[in-house]
Each structure stands twice: as C-alpha cells, then as structure tokens.
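K.L.:
Quick one: the structure is below, and I'll ask about it shortly.
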Amino acid sequence: MTLAPARPTGPENPGPGPERPGPENPGPGSGPGPARPAPVLSVRDLRVSFPSEQGPVQAVRGVDFDLLPGRTLGIVGESGSGKSATALALMGLLPPAAHLEGRILLGGRDLAAMDDTRLARIRGKDIGMVFQDPMSALTPVLSVGRLLSQALRVHQDLSRKDAWEQAVQLLDLVGIPDPRERAKAFPHEFSGGMRQRVVIALAIANKPSVLVADEPTTALDVTVQAQILEVLRLAQRESGAALVLITHDLGVVAGHADDVAVMYAGRIVEHAGVDELFARPTMPYTARLLAAVPTAGSGVQRPLLPIAGEPPSPVALPAGCAFAPRCAVARDVCRTTEPDLTAPAGRPGRVACHRAQEIADGTLDPAGPAGSAVALTPDRAAARRTPGEVVLRVEDLVKTFPVTRGALLKRRTGTLHAVNGVGFEVRAGETLALVGESGSGKTTTLREVLRLRAPEGGRIEVAGTDVATLRSAAQVRELRSEVQIVLQDPTDALDPRLTVFDLLAEPLRAAGADRTAVRSRIPRLLDLVGLDRAVGDRFPAALSGGQRQRVGIARALAREPRLLVLDEPLSALDVSVQAEIVNLLVRLKRELALAYLVVAHDLAVVRYFSDRIAVMYLGHIVESGATEEIFARPRHPYTRALLSAVPLPDPQRERRRERIVLRGEQPSAARLPAGCVFVDRCPLHREADESVRTRCRTERPSTVGAPDGSDHRYACHAL
Amino acid sequence: MLRYVTRRAAGWFLVIAVATNATYFLASSFLDPRSNFKELRPVRTDEQVSRALAPYNLDPHEPLLHRWWDWLSGVVLRFDWGRSPVGVEVNGEIGHRSLVSAQLVIGATLLSVVVGVALAVHTASRQYGWRDRAAQALSMALFNVPVSVAALALVLLAIRLNEQAGWHFLYVAGERSPDVEGFWATLGDRAAHLVLPTLTLTLTGYVGHHLTQRSLLLDVIGSDFVRTARATGLTRAQAIRRHALRTALIPTAQSVAFSIPAVFTGAVLTETVFGWNGMGQYFVQTINKNDVHGTVATAAFAAALTAIGAILADITTVLLDPRVRVS
Ligand code: SF4
Ligand code: SF4
C-alpha cells in the first residue's frame, strides 16, 4: 500500500508546523475556507498490529487524516474496524505488545516515535481522552476532586489548594451539581452519566488542543447520551480543542461531526464532510451501511437493507478490497488489488474503491442493482388482519426488592419498586417491545414472565394458563416449552465444548425426542434460521457474532414455543449484521405465528420489528400503542423526550430538529414520588398550570386511551 | 465507625473468653505437671509432688473446677495469669518475651511488606521482562527454602564474614550482649543482634507478599482506570504506583493485619537458631514443661492478637476503600 497521493482536501504534509494552535485560530464550525488553518493533528500511514496465536493481527493498516483546530472528525466503524486501536495509538496507550508504525504529528512532534516518558508529558496536556465505559474509568479509591487535582498538577505547577479549586470549577463546567461538595465524593457515588462528566473534566483539565473520545456514550442511556454529547460539545467550545469522535453510531456522527472517516478492516475507506457523506455516500460499504442502519425519526419508515455476510476477521483478511466478499458491485480487480484512498474527480472527500469514479459520476449505484437486496418491510397489515389469540397476558404485575445498606453490616433500609402495576398482552404473530432506560423495570418484567411462578403481585397468564395455578414441576416444565428466551449475547449461553448440532440437540432430547427425531429436526432448524447445514459440526467459537445469534434463536425454537422472549437480541451485533437478524426474526414470527416479547433500549431498532411498544419509566408503563403510532404521535412527555434523544443518521434533520433534553437522570426506584413517577424531570409539568402541577405531585396518573379509540394509551395528567 | 469497632471488639472479647477457658480445661487434662517430677532422683512421693505443686494452683488432687475457679478469679480480679510448675510468674514471662518477639517481628514484617510490595510494583510494571522473570525465580526458590535452612545458611555466612573482616560485627546468637551499658551503646548492641534474625524472617516472609501483590497488581494494571490515569499524563509506572497500587493494596493490608498473631508465635525456628527467648520459644517450652498456665496464657495472647488483627483489617479496609465505608 502506498500513501495516498496529494489530495485536494488534505493540506500538504505538514512540516514542523506552528506551535500549538490556540483557540484564537478559526473556531468550531468554521468551514474549510480558501486559506485553511494548519492541522493540529496529522496522522500518516498509521499501522498497528498485535501479536496473537494465529499470527499478527493487523488492527490498523495505513490510516491517514488531518484534524483541523476546533473541528470534529467522526471516525465510524464496526467492531474490528480498527477505530479503537487508532484512538489508543493517538494517545500512546496501546498495550506494550502492540507494534506501531507511521507518524502521528501533533504540534510538529511525532508521537509515534516517542517513549512512554516523553508521551506522558504530552498526554493530558496537548491531547486528552474520553473513554467508553465510565463505570470503570475512574480510580475507585480516590475522590473525584483528588483525581482532577492530580491530573492538573501533573502538568501545572499548582498548589494543592489551587488545584482543588480548579477541580471544583471543572466539575461545575461539566455540569455536576453542587460541585464543591461533590468533589469530595468517590466515583461509586456517582451515576454513569455523572462519571462520564468527570471523565470529560479530566480530559479537558489542562486545555488540550486535541480531544479523543472513544465511544463516549455507548454505555449510557439515550437521554443521558444526549446530555453527555452536549457536555462534550461545551467542553470542546471551552477548550477550543479539535475532537476525534470515535463511534459505531451513525446518528451520533451525523449530529456532532464536521467530517467523517469510515473505517473498515483497519483502513479508512471513505473520508468526507458529514453532509456530503450522508447525502451521497460513494464507497459501497458506506452506502450499504447507511441503508442498513435503522432510524427512529418520524415520517415514513424506509426499509432496512441488510449487508450480506459479516466483517472480515483481522487475522484472515482477503486479498484485494476487504469489502469485496460483501460488495454488490465488486469486479475481478477488487479481489486482487486493494484500492488506495483517493479523491474521485468532481467530489470532495477521499474514497478507497476501484469503482469510485463511476459512482461519483452517478453511473453506478454503490448499493448494487436494485432488488438484489431483500428489503425489509414488516408485514404489519397482515398481523392486524388476523389478530391471533393472546399468548401472554400480564396484569398489574408487581415486583419489589429489599434495599440494603452498608458493606460490612447489611441492613434493610427500604424497598425498591422495580415493577409497579404493569399490564399488557401479546398475541400470536405479534411483537410487543418494552422500551425504557436502565432501571425502568423492563428486564425485571421479563424475568418475572420467564419465572413461571406466581408473581409477588398481579397475574401472569401464559398460553391461557395462569402461572399461579401451576402445582407440579411437570406442569411448569410443560408450560416452559411454550416460552423460550433469546439472550443479548448468546456466547455465554452456548457451551463452548459442544458443537452446534449438540447445542440444538440438547433441548430436543430434554423434551424426550429420540435419535431419529433429533437427526431429522436439526437440519430443518438450521434451515429455518438461515444457517448452512455444515455449521452443525462447528463449535460456537468458530462462529461469527451473527451466526451465534442465529444458533441462539434456533435453540430457542427447538421446542416449538409459542412465545419468544428476546432480551436485547441485537445490541451485541454490528449494524451491518443487525439488519439481517431483524429480517430473520420478522420472517420467523410470520411463518411460525410466534409471539415476541422484546426488551430493548435501542428505539430505532425496535421500530423495525415490533408491532406494539410499551414505554416504561421507573417500573410503570407510561405509554403504549402501535409502533408507528407511537413514533408518529408520541403523547407522553417521557416518550417524546426519549424519541427526540435518539440521534438520527441524517445530518440535516439531526441539526434542525428540536430536541427535548431531559434534565437529570432517572431517580432510584427505592424512592418513588407520591404522584407521577416522571415528575422530577418532566418538562410538561414545569409549564403546566397550578392545578395540574399539584395533581402531578400528589396523584399517580391513571392510564387512559387516546380519543381516537385506538389502543394508544398513556398516563399523564396534562394530556 | 467507633460504634462498629466497639461492637466488633466486644464480640471478639466474648470469643476469646470462651476459647481461653476451653483451653484451660484442655490443657489441664492433657498436660500433667506431675510428670516433670518423674525423672527427679530421689523419686518424689505423690504427696511431695502435690505439695510442691499446690502453691501454684496445680495440685492434681484439688478438683479441676476448683482449680479453674481460683485461676479465673486470679485473672479477672488481679489479671494474674498464674505460675509455672516451678513457680515462675506467667505475667512476667509473657511481658518480657512479647517485647523480645515484637522487636523481631515488627521490623521483619514491615521489611517483608515493603520489600515484597516494592518488588511486586517493580516487576509487575515490567511483566515478562528479564527482571520480572529473575525476581520471580528468586522468590520461587526462597519460597521453597525452609526457615531453619535459611537461618543456618545466614549464620554460616555471618561467621565467614566476621572472620574475613576480623571483627565480630554480626551476632549469631542471643538478643543482646551481657555487658553493654549506656543508652546508645545498648541500642546499637540490640540492633546489631537484630540484623540476622530479621534478615531471616524478611527473606522468608517477603516472598508471599511479592508473589500475591504481583498478581493482584497485574489484575488491576489492565483496568480502565489505570488507562485513564495514564491519559491524564502519567507514565505507565507512575499510573501503577499512584492508581493501581492504591487499589491492589487493600487485600494485602488485610492479610498483613490477619497474619500478625501467626508471625508472633510462629517465629519459633528463627528464635531457636538465633537463641532468642521470644513468644514462639515460650509456646513450645510451656507445652514441653507441662506448664498449664503458660500454655493457656499464650493461647489467650494469640487469640487477642488475632482479634486485634481482624479489627485492624476491618479498619484498614474501611480507610483504604471508600466503597465499603459504613455510613
Ligand atoms: S467496488 Fe470493489 S473496491 Fe469498491 S468496495 Fe466494492 S469490492 Fe471494494
Ligand atoms: S403527569 Fe405531570 S409530571 Fe407526569 S408526565 Fe404528565 S405532566 Fe409530567
């Protein structure tokens, strides 16, 4: 591979550039004018490899880009695309075993050539980093004020007192309420969102010129994600830093990046301005990715077009273009020669594709000939025509947990109302999605259903049988075959020592099937979930994530259940694989007349395969109804905020649309408000007149149906 | 916190009281002071033996419950733990010997912890480097050397060194020289006597700390928060010392606190080789000499140390780990 030739977008190779460009240089949002500022960060032919048992893993293979002061470069890619290794390389935080090549030029210095001691002087001062998982990113035994003042004192000559003072200011800047008091608190006393604010404060403490954020909101709930992205933007504005925003979420990139680099199998395959890239993707992978990503926006739902196959393993990359096996417009040259990242004539941006020019000229559709991909259009009309019988009925479900305090002496100090008066129905051939943020009680609800025991309060009826009436273990076992579960990441559920055949045979044998029955059933199961019959001989470790999820589904289907409970079935999968599984689930539901109860946090995905949605908050269903109805006309203020917080993979709309950013975070279910559970964060409540406000605080709103007589229901005094 | 500690202390006190009394009955039934008189010539009559033992509340003709009651009231009313079969006061013995042991044990424990942890930090930062491998090999080897062998080897080495230097600067026996006077001279003499036994205990004691601390650290070094610390501008080594170690020390602090009673009474071999009259020796001697009161007092002493160790372990955990702070 050669270094990309001179490009119209990139400046010439930077020499020993100017000293650290300060915030007085063109600030955020300034477009690439005729006289472009020198980049703060230039990466040239970056390569990272890790040793592994199967030989070196080429995680990053020749990445180059320039980062302009105050701008945001979004790096998008699926798992294994090399985006995180790139981030760690920029920070000099790769594990010692990693091998690094190329140049990382920051203020005229080459970070790639520095040892840890010299790098340490730059880390935190000139380049700061925000990490993915705020729960583990902070030293548990030090107070956040101490963490921050230490970070300040590493690079600045400050007295302890001054550093503490600055730490308090930083906490205030990132939106920690009561910062002076909270500075003394330890990380475990903060929620995930608050911890991520602290991590951002750490990153900007010394006003670096470059910020690297590696999946900064992936571990957070969507309303908190919106807050954190705001804080990140604010922090960027305050410090004038340029931002490298690494994420798998195209929606986040659309709303927050100025430029986007798409990575695939360790390389940048397309790099362009955000509007350009989303409006006219040139690289076939980008085009297909955009077509495969679900969107939660209102308006007409467009079909999901899955990309066949899965991303290549970094230990066994194909010769030629890494995307060739999945590309609908691949030619012979694609399979032998890897394309360089070049600028097609007449287009800004760079693309690594042999057919980029044709695509740029508009003579070739990068997604391939229309019709080659099976569009996913949920057959909702059909489902409505034949309302099946009720397979699951939940009424007034209640589940509480004791709250204990103290680690050495446990004592019960309260009651956590995880689920409080929840009721719904799921019919055959229908999908009900429970959506909500963590702590909303959706997973607890699901567990209660799976338990098949009399609930603490309320009634659960599966296939017409009240679970409280089950007396013997045999009866429970019989009912259990009607209800099966598909887990988020089937890896844990699949015994690594069993082949796929044995994994599928297990539930069949447990149900008393003899050998011939097992032998004839398994190939049919594999066909059903779209797996090759040869997969039967393999072990789970030899399967890709998508294949494992298919095995998980096949296992759940082995005993021909009527109700499938799906716990975040797609969140462990890459975007390009997700669409296929969504497709599969919809097809199975239709063919087998299954009822699905889904728990998911990703509203965009839910939209594509659920018929009805129930929105949960603090153990209550606050709104429910037909999926499209909820997306088109959300009524409850929480649903509205939730939907507006989901980033849309469309830069134009993402920038234009009005966002309801909720204040604060979901409180603990151990201290339920007496009135409406949403009252602390409700934007509607703040504007309502006095009589409604009093009711919000004192009286729990009851669920009422929409005036149009549909099954759209919500619980709010102000509606 | 204070309330918690008081409650724990009260609980332990109860346990110690029960255990000590149980030990009294056990020791009285297994240790027979009369047998001390068997080898004496002329052979003593039963009566003579009883008469000899009676002043020390050890007369076997006295009913056990009676003896126990006398002993218990002595302990409770006067904190008098009784006398040995030859009339030596247990209180005095333990008072003196525990000081001797403390000299030996406190220094050696501190040294073992410091050496072990420092070595662990140093080698864990360079996992699989040659220094890590070398230190690992050395610790493994020392781990398998019995204390007595290590002590004897050191004694031989010291004798060699003394000969070479032509100056008797390493003492291989005893806890002090008999004829030293003056504060500074005494201090220097004590310290010189301490060198070899402390070295023995350190060499055999640091190994455990090195190996466990190293693996504790390696667990923590890969964690996200160490990476965050490095991202703020610390080198790998600094991040390990300031962030990883702080977290990984918690279990070590606990185990050190818990090990206090064991090292106090467990240094028997070292004490024997170097001729120190410490608690370890005392424990063995009291059993050998059928000294019921001495044995019981030693057991009570060890139990008290265990309680102190356990409470210290709780306190250190609470101090080091904000996550378990009782509110
Ligand atoms: S057309 Fe060829 S080079 Fe371009 S993406 Fe497809 S396979 Fe790769
Ligand atoms: S009842 Fe009141 S607090 Fe609750 S959602 Fe409606 S307006 Fe908001």
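K.L.:
Would you tally the net charge around A:ARG686, using a Cβ to Cβ cut-off of less than 15 Å, leaving A:ARG686 out, and scoring K and R as +1, D and E as -1?
P.N.:
+2
K.L.:
Based on the mean of other Cβ atoms within 10 Å per residue, sort peptides A:491-498, A:160-167, A:130-137, A:303-310 so the most packed one is first.
P.N.:
Taking the mean over residues of other Cβ atoms within 10 Å, the ranking is A:130-137, A:303-310, A:160-167, A:491-498.
K.L.:
Still on this model: Using bins 10 angstrom wide from zero, how does P(r) for the protein assembly as shown break down, in % of all Cα pairs?
P.N.:
The calculated distribution, bin by bin, is 2, 9, 14, 17, 17, 14, 10, 8, 5, 2, 1, 0, 0.
K.L.:
Something else: Go through the stretch A:455-468 residue by residue and turn each phi into a ³J(HN,Hα) via Karplus (6.51, -1.76, 1.60, θ = phi - 60°); whole Hz please, and just put x for glycine and proline.
P.N.:
Values, residue by residue: x, 4, x, x, 9, 10, 10, 10, 6, x, 10, 6, 5, 5 Hz.
K.L.:
Separate question: Between helix B:279-288 and chain B, what is the angle of the helix's C-alpha long axis to the longest principal axis, kept within 0 to 90° and rounded to the nearest 10?
P.N.:
40 degrees
K.L.:
In whole Hz and in residue order, list the ³J(HN,Hα) couplings for the stretch A:560-565 that follow from phi through the Karplus curve 6.51 cos²θ - 1.76 cosθ + 1.60, θ = phi - 60°; x for Gly and Pro.
P.N.:
Using θ = phi - 60°, the values come out as 6, x, 9, 10, 10, 9 Hz.
K.L.:
What net charge do the residues around B:ALA185 carry, taking every other residue with its C-beta under 13 Å from that of B:ALA185, with Lys and Arg at +1 and Asp and Glu at -1?
P.N.:
-1
K.L.:
Right, next: Taking the beta-carbon count within 10 Å as an exposure proxy, list A:GLU478, A:GLU568 from fewest neighbours to most.
P.N.:
A:GLU478, A:GLU568
K.L.:
Over 32 Å apart: what share of the alpha carbon pairs of the stretch A:42-276 falls there, rounded to a whole percent?
P.N.:
In whole percent, the share of Cα-Cα pairs in the stretch A:42-276 beyond 32 Å is 18.
K.L.:
Here's another thing I want to ask about it. Just to confirm a number: summing +1 for Lys and Arg and -1 for Asp and Glu over residues other than A:ASP221 whose beta-carbon lies under 15 angstrom from that of A:ASP221, what do you get?
P.N.:
That works out to -3.
K.L.:
Give me the inter-chain shielding for B:232-244: mean count of other chain Cβ atoms within 10 Å, whole number please.
P.N.:
Partner-chain Cβ atoms within 10 Å, mean over residues of B:232-244: 6.
K.L.:
Among the lysines, which have Cα under 19 Å from the Cα of A:LYS83 when same-chain residues fewer than 8 positions away are ignored?
P.N.:
none
K.L.:
I've got another one for you. Mean Kyte-Doolittle of at least 0.5 plus a Cα span of 24 Å or more along the axis: flag which DSSP H helices in chain A meet both, please.
P.N.:
A:575-592
K.L.:
Something else about it: Can you give the Kirkwood hydrodynamic radius for the stretch A:241-351, in Å, rounded to one decimal and based on Cα pairs?
P.N.:
15.2 Å
K.L.:
Related question: If you plug each phi of the stretch B:249-261 into the Karplus form 6.51 cos²θ - 1.76 cosθ + 1.60 with θ = phi - 60°, what whole-Hz ³J(HN,Hα) values come out, in order, with x for Gly and Pro?
P.N.:
Per residue, the Karplus-derived 3J(HN,Hα) values read 6, 4, x, 5, 4, 4, 5, 5, 4, 5, 7, 3, x Hz.
K.L.:
Return the lysines within reach of B:LYS289: Cα separation strictly under 16 angstrom, same-chain partners fewer than 8 residues apart disregarded; answer none if there are no such residues.
P.N.:
Correct list for B:LYS289: B:LYS38.
K.L.:
On to the next question. Send over the per residue convex hull volume for the stretch A:471-520, Cα only, as a whole number of Å³.
P.N.:
In the stretch A:471-520, the Cα hull volume divided by residue count equals 107 Å³.
K.L.:
Report Rg(Cα)/(2.2 N^0.38 Å) for the stretch A:52-151, keeping two decimals.
P.N.:
Here the answer is 1.21, to two decimals.
K.L.:
Would you grab the residues whose amide H sits under 5 Å from the one on A:GLY421? Only those 5+ places off in sequence or on another chain, please, with H modelled 1.01 Å from N.
P.N.:
A:LEU397, A:VAL398, A:LYS399
K.L.:
Right, another one. Taking each residue of A:136-145 in turn, how many C-beta atoms of other protein chains fall within 10 Å of its C-beta, and what is the average?
P.N.:
Average per residue, whole number: 6.
K.L.:
Would you work out if the stretch A:459-577 is rounded, prolate or oblate? Take a ≥ b ≥ c from the square roots of the eigenvalues of the alpha-carbon gyration tensor; rounded if a/c is under 1.5, else prolate when a/b is larger than b/c, oblate otherwise.
P.N.:
oblate
K.L.:
Which order do the peptides A:341-349, B:97-105, B:66-74 come out in when sorted by mean C-beta neighbours inside 10 angstrom, highest first?
P.N.:
Ranked from most to least packed, the peptides come out as B:97-105, A:341-349, B:66-74.
K.L.:
Then there is this: Hey, which lysines would be in cross-link range of A:LYS125, C-alpha to C-alpha under 21 Å, not counting anything within fewer than 8 residues on its own chain?
P.N.:
Straight-line reach from A:LYS125, under 21 Å: A:LYS161, A:LYS207.
K.L.:
If you don't mind, there's one more thing I want to ask. Could you give me D for the stretch B:2-78, from Stokes-Einstein at 10 °C and 1.306 mPa s, where the hydrodynamic radius is the Kirkwood radius over C-alpha pairs? Units µm² s⁻¹, please.
P.N.:
Diffusion coefficient, whole number: 108 µm²/s.
K.L.:
Something else about it: Roughly how crowded by other chains is peptide A:177-190, in terms of the mean Cβ count from those chains within 10 Å of each of its Cβ atoms?
P.N.:
Averaged over the peptide's residues, the number is 1.
K.L.:
Using only the alpha-carbon atoms of the stretch B:92-288 as identical scatterers, what base-10 log of I(q)/I(0) does the Debye formula give at q = 0.10, 0.18 Å⁻¹?
P.N.:
Debye intensities relative to I(0), on a log10 scale: -0.52, -1.17.
K.L.:
Tilt of helix B:64-78 relative to the longest C-alpha principal axis of chain B, in degrees (0 to 90, nearest 10)?
P.N.:
It works out to around 60 degrees.
Since every read-out is calculated from the coordinates, none of them should be taken as a lab result. None of these values were measured; they are calculated from a predicted model. So basically every Cβ, Gly included, is an ideal-geometry build from the backbone, and we count neighbours across all protein chains shown.
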